[in-house]
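A short worksheet on the structure shown next.
The values are calculated or read from the model by the stated rules, or taken from the named source; none is laboratory data. This is a predicted model, so every value here is computed, not measured. Because the Cβ atoms are built from the backbone with ideal geometry, glycine has one as well, and the counts that use them run over all protein chains shown. Heads up: the accessible areas ignore ligands, DNA and RNA and are worked out on the full protein's heavy atoms, side chains in. Shrake-Rupley method; radii C 1.70, N 1.55, O 1.52, S 1.80 Å.
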Amino acid sequence: MRMIDLIQKKRDGEILSKEEIGFIVTDYTEGRIPDYQMSAFLMAVYFRGMTEDETIHLTMAMANSGEIVDLSGIDGIKVDKHSTGGVGDKTSLALGPMVAACGVPVAKMSGRGLGHTGGTIDKLESFRGFSTEMSPAQFVKNVNEIKISIIGQSKDLAPADKKIYALRDVTATVDQISLIASSIMSKKLAAGADAIVLDVKVGNGAFMEKEDDAIALAREMVEIGNGAGRNTIAIISDMNQPLGRAVGNALEVREAIETLAGEGDKELRELCLTLGSYMLLLARKADTTEEARVKLENSIRDKSALRKLAQFIEAQGGDSSPVFDTARLPSASIIQEIKSEVSGYVCGIKTSEIGLVSLALGGGRETKESVIDLSVGVVLSKKIGDWTESGETIAVMHGNDPDKVSQAARKLLDAYSFSDLPVEKPSLIKWILTKDGIHEISR
């Protein structure tokens with residue numbers, strides 16, 4: 001087999017076999033195919049696309065390029081949740097304990113963040129002493145005993161994806177649906193879950209800004225997951241404004257705790273209940289999503305989900321006292337209210353700019369070597385559809401550097417737009433995709 005022939009084949013719109021795709025992935029990962037040939041192949045895929053079978057073959061080849069996590073020692077059906085990412089997305093922090101409290105094993109591999117806020121692991125380190133460093137045996141033991149554990153993502157997980165993505169990033173071939181879907185799903189399949197629930201974000205704070213593109217990506221990933229023998233569903237949720245109110249590591253942890261305590265933001269709670277309902281359904285802990293939702297709501301009402309979060313933190317060496325007293329979380333020295341300069345209804349929020357506000361305050365990483373300030377960020381007081389008087393607080397900024405706070409305040413004000421006319425609040429859950437098709441949620 002010669003790489004030049006396979007480049008030409010894809011360039012001409014022909015379909016590659018499982019063996020041909022396997023050859024490309026293996027030989028590129030092992031250094032036998034040079035970057036310039038792989039770049040040409042990726043560009044051919046960008047313009048010609050891939051069939052459903054080709055995409056599944058690519059995904060499985062990347063998944064099998066490294067370690068396949070063995071979760072067979074964990075009792076029950078393991079359901080993983082993945083979000084395509086957004087601003088203020090702290091869902092896993094509340095969802096994991098809720099689902100675990102209902103008896104579903106949550107065995108999750110997570111990474112650190114690079115961008116406006118930290119990843120799930122960074123946020124969890126708001127609990128002093130918390131660690132994801134443990135042996136596979138301890139990981140399995142924790143899940144079997146308390147139903148939830150989070151471990152750092154293995155460097156050996158889908159190494160082909162890591163190498164191919166780095167090349168896509170510098171060859172303008174990132175935004176191709178089959179390549180995006182296979183990149184995400186190769187890691188999910190390698191992580192060993194029996195079933196997968198996907199949260200695909202859409203809007204100006206998401207990777208997919210247009211609804212049609214988000215649907216196409218979700219459909220592709222659902223097809224890959226089910227084609228690989230994993231029961232997979234996708235929910236498309238709004239990211240035209242931050243999820244919840246808080247953006248910033250410890251601030252997001254606090255909001256997740258408030259959700260588990262039965263308080264906090266209604267949208268965050270609704271997303272957790274929707275995603276969790278499907279996780280319980282796929283894990284066969286409920287016969288319908290309605291039954292699953294009642295179980296999840298009960299886990300909040302009887303505080304079992306809140307206690308599960310504390311149990312999880314303690315099992316991984318952390319101080320769980322902030323679960324019951326959020327004042328013990330890291331806090332900033334400067335807390336500044338940001339006042340609206342105009343009156344009107346909030347008609348738009350540049351969501352990505354809110355993320356950059358958190359980054360400017362020190363809440364994220366600009367490079368892998370950056371050190372995150374867990375205490376900083378912003379809490380929104382006003383969101384789309386809310387009326388605001390001139391001089392009224394639209395957000396509260398948390399920072400430790402006066403100059404950074406001053407600069408970030410201007411960024412935040414510029415991220416808001418206003419209208420004299422009433423504005424409808426955006427719907428959070430837009431579509432649900434299963435192997436049986438797509439269902440639009442009534443607006």
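Note down the net charge around Gly264, summing +1 for each Lys or Arg and -1 for each Asp or Glu among other residues with Cβ under 12 Å from its Cβ.
Details: positive: Lys90, Arg245, Arg254, Lys266, Arg269; negative: Glu252, Glu255, Glu258, Glu263, Asp265, Glu267, Glu270.
Overall, the nearby charge balance is -2.
Net charge near Leu280: determine it from the other residues with C-beta under 9 Å of the C-beta of Leu280, scoring Lys and Arg +1 and Asp and Glu -1.
That works out to +3.
Using unit Cβ charges (K, R positive; D, E negative) and no other charged atoms, how large, in debye to the nearest 20, is the dipole of region 55-198 about its Cα centre?
Approximately 180 debye in magnitude.
Based on the alpha carbon coordinates of region 179-218, what radius of gyration and maximum Cα-Cα distance (Dmax) apply, in Å?
Using the Cα atoms of region 179-218, the pair Rg, Dmax is 11.3, 32 Å.
Would you list which aspartates and glutamates come within 14 Å of Lys108, measuring only between C-alpha atoms, while excluding same-chain residues fewer than 8 positions from it?
Lys108 reaches Asp70, Asp80, Glu133, Asp194.
Given contacts defined as C-alpha pairs under 8 Å and at least six residues apart, what's the relative contact order of the chain, whole-number percent?
Values: 936 pairs, mean separation 84.6, N = 443.
19 percent.
What percent does the relative contact order of region 371-413 come to when contacts are Cα pairs within less than 8 Å and at least six residues apart?
37 percent
Nearest 500 deg cm²/dmol is fine: what mean residue ellipticity at 222 nm does the chain get from its DSSP H runs of n ≥ 4 alone, each adding -39,500 (n - 2.57), divided by its residue count?
Computed mean residue ellipticity for the chain: -14000 deg cm²/dmol.
Name the shape class, rounded, prolate or oblate, that the alpha-carbon gyration tensor gives for region 308-360, where a ≥ b ≥ c are the square roots of its eigenvalues, rounded holds for a/c under 1.5, and otherwise prolate holds if a/b is larger than b/c and oblate otherwise. Don't jump to the answer; show the numbers that get you there.
On the way: a/c = 2.81, a/b = 2.40, b/c = 1.17.
The shape class here is prolate.
Run the reach check for Lys411 against aspartates and glutamates, Cα to Cα strictly under 16 Å, same-chain hits fewer than 8 apart removed. What comes back?
Glu337, Glu341, Glu353, Asp401, Asp403
Using only the alpha carbons, work out the radius of gyration and Dmax of region 4-129 in angstrom.
For region 4-129, the Cα-based Rg and Dmax read 19.5, 56 Å.
Compute the Cα gyration tensor for region 43-99, then decide on rounded, prolate or oblate, letting a ≥ b ≥ c be the square roots of its eigenvalues: rounded whenever a/c is under 1.5, prolate when a/b is larger than b/c in the other cases, and oblate in all that remain. Write down the numbers at each step before the final one.
Numbers: a/c = 3.10, a/b = 1.47, b/c = 2.11.
The shape class here is oblate.
Can you tell me the orientation of helix 289-301 relative to the chain, as the angle in degrees between its alpha-carbon axis and the longest Cα principal axis, to the nearest 10?
40 degrees
Tilt of helix 91-101 relative to the longest C-alpha principal axis of the chain, in degrees (0 to 90, nearest 10)?
With both axes taken from Cα atoms, the answer is about 80 degrees.
Label-point separation (nm) for Gln407 and Glu133, each offset 7 Å from Cα along Cα-to-Cβ?
3.3 nm
Can you give the convex hull volume per residue for the Cα atoms of the chain, as a whole number of Å³? Walk me through the numbers on the way to the answer.
On the way: hull volume 63.1 nm³, N = 443.
Dividing the Cα hull volume of the chain by its residues yields 142 Å³.
With charges set only on the Cβ (+1 for Lys and Arg, -1 for Asp and Glu), what does the dipole of the chain come to about its Cα centre, in debye to the nearest 20?
The calculated dipole for the chain is roughly 600 debye.
Over all distinct alpha-carbon pairs, what is the Kirkwood Rh of region 162-276 in angstrom?
One over the average 1/r among Cα pairs gives 15.7 Å for region 162-276.
Label 7 Å along Cα→Cβ of Gln8; region 33-50 residues with amide nitrogen under 20 Å?
Once the point is set 7 Å along Cα→Cβ of Gln8, 33-49 turn out to lie under 20 Å by backbone N, inside region 33-50.
To make sure I understand the rule: partners must be lysines, Cα under 18 Å from the Cα of Lys435, and not fewer than 8 residues away in the same chain. Which ones qualify?
Within the straight-line cut-off, Lys435 pairs with Lys81, Lys188.
Given the pairs Lys155/Lys308; Lys339/Lys382; Lys210/Lys350; Lys147/Lys308, which span a C-alpha to C-alpha distance of over 18 angstrom in this model?
With Cα atoms farther than 18 Å apart: Lys155/Lys308.
Mind pulling the angle between the C-alpha long axis of helix 402-415 and the longest principal axis of the chain? Nearest 10 degrees, somewhere in 0 to 90.
With both axes taken from Cα atoms, the answer is about 70 degrees.
If you count, for each residue, the other Cβ atoms within 10 Å and average over each peptide, how do 6-17, 143-154, 85-96 line up from highest to lowest?
85-96, 143-154, 6-17
Can you give the accessible area per residue of the chain, in Å², using a 1.4 Å probe?
Heavy-atom accessible area per residue stands at 42 Å².
Holding the Cα-Cα limit at 28 Å, pick out from Lys10/Lys78; Lys187/Lys266; Lys90/Lys295; Lys141/Lys303 the pairs that are longer than that.
Lys10/Lys78; Lys187/Lys266
I'd like the per residue volume of the convex hull spanned by the Cα atoms of region 1-60, given in cubic angstrom.
71 Å³
Counting Lys +1, Arg +1, Asp -1, Glu -1, what net charge surrounds Glu209 among other residues with beta carbon under 11 Å of its beta carbon?
-2
Would you please state which residues of region 246-288 a label at Lys435 would reach in this model, taking the label point 7 Å out along Cα→Cβ and a backbone N cut-off of under 16 Å?
It comes to 279, 281-284, nothing else.
Per residue and in Å³, how big is the convex hull formed by the alpha-carbon atoms of region 215-280?
Cα convex hull per residue, to the nearest whole number: 106 Å³.
Can you tell me the relative contact order of region 25-154? Whole percent, Cα pairs under 8 Å, sequence separation 6 or more. If you can, show how the numbers build up before the last one.
Numbers: 112 pairs, mean separation 29.7, N = 130.
Result for region 25-154 is 23 percent.
Projected onto the charge dipole of the chain (+1 at Lys/Arg Cβ, -1 at Asp/Glu Cβ, origin at the Cα centre), which of Leu268, Ser178, Ser131 gives the Cα projection farthest towards the positive end?
Of Leu268, Ser178, Ser131, it is Ser131.
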